[in-house]
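Everything on this sheet refers to the single structure shown next.
Each reported figure results from applying straightforward, stated rules to the coordinates on display, with no laboratory input. Every value quoted in this text rests on a predicted model; they were computed, and no experiment measured them. Neighbour counts are summed over all protein chains in view; Cβ atoms, including those assigned to glycine, are modelled from backbone coordinates with ideal geometry.
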Amino acid sequence: MTVRIDRSRCNGCGKMKEPGCAAVCPGDLLYRDSSGKCAIRDPRDCWDCAACVKECPRQAIEMYLPVQIGGRGSTLKARTGKDKIIWRLTKPDGSEEIFEICTKKER
């Protein structure tokens, strides 16, 4: 598995010193390239932790899933809200499944 960055959606996190995806990547694989957009150094080194997928405010990063999880060609994107993460699984046939994970702690 690895991630793919949609360069048409990526804005490199604007004027931030370091893009959010690069800041959270535990493998230090993401960086802002000369065009100002984010790129991955070597997709084969990706740990599949999904930290960058959750961090991207423009949903420009998606994770490819192995055949055993989603079927060949399935991808996973995330949209992080105030108290939840919404995961969108897109299957090879174009169908989608949505999963909402609550991140707000109960008191």
Exercise for the section: Could I have the simple spin-label model distance between Ile101 and Asp42, label points 7 Å from Cα toward Cβ, reported in nm to one decimal? Expected result: 2.8 nm
Practice task
Could you pull out every Cys in the chain that lacks a partner Cys with its beta carbon under 4.7 Å away?
Solution key: Cys10, Cys13, Cys25, Cys38, Cys46, Cys49, Cys56, Cys102
Completion exercise
Listed by chain and number, the residues whose amide H is under 5 Å from that of Ile61, excluding neighbours fewer than 5 places away on the same chain and using placed H, are Asp6
Problem - Relative exposure of Leu30, Leu89, judged by other C-beta atoms within 10 Å (fewest first) - result: Leu89, Leu30
Practice task
Report the residues of the range 73-107 in range of a label on Asp6: point 7 Å along Cα→C-beta, backbone N strictly under 19 Å from it.
Solution key: 73-81, 85-100
Handout entry: Where only C-alpha atoms are counted, convex hull volume of the chain per residue in Å³
Key = 121 Å³
Exercise for the section: Let me have the 222 nm mean residue ellipticity of the chain computed from DSSP H runs of 4+ only, each contributing -39500 (n - 2.57), with the sum over all residues rounded to the nearest 500. Expected result: -2500 deg cm²/dmol
Completion exercise
Applied in sequence order to the range 5-14, the curve 6.51 cos²θ - 1.76 cosθ + 1.60 (Karplus, θ = phi - 60°) yields integer Hz couplings, x standing for Gly and Pro, of 9, 7, 5, 6, 9, 6, 10, x, 6, x
Exercise for the section: Figure the gain on full extension for Lys91 and Arg58 (residue separation times 0.36 nm, minus the Cα-Cα span) and round it to one decimal in nm. Expected result: 9.8 nm
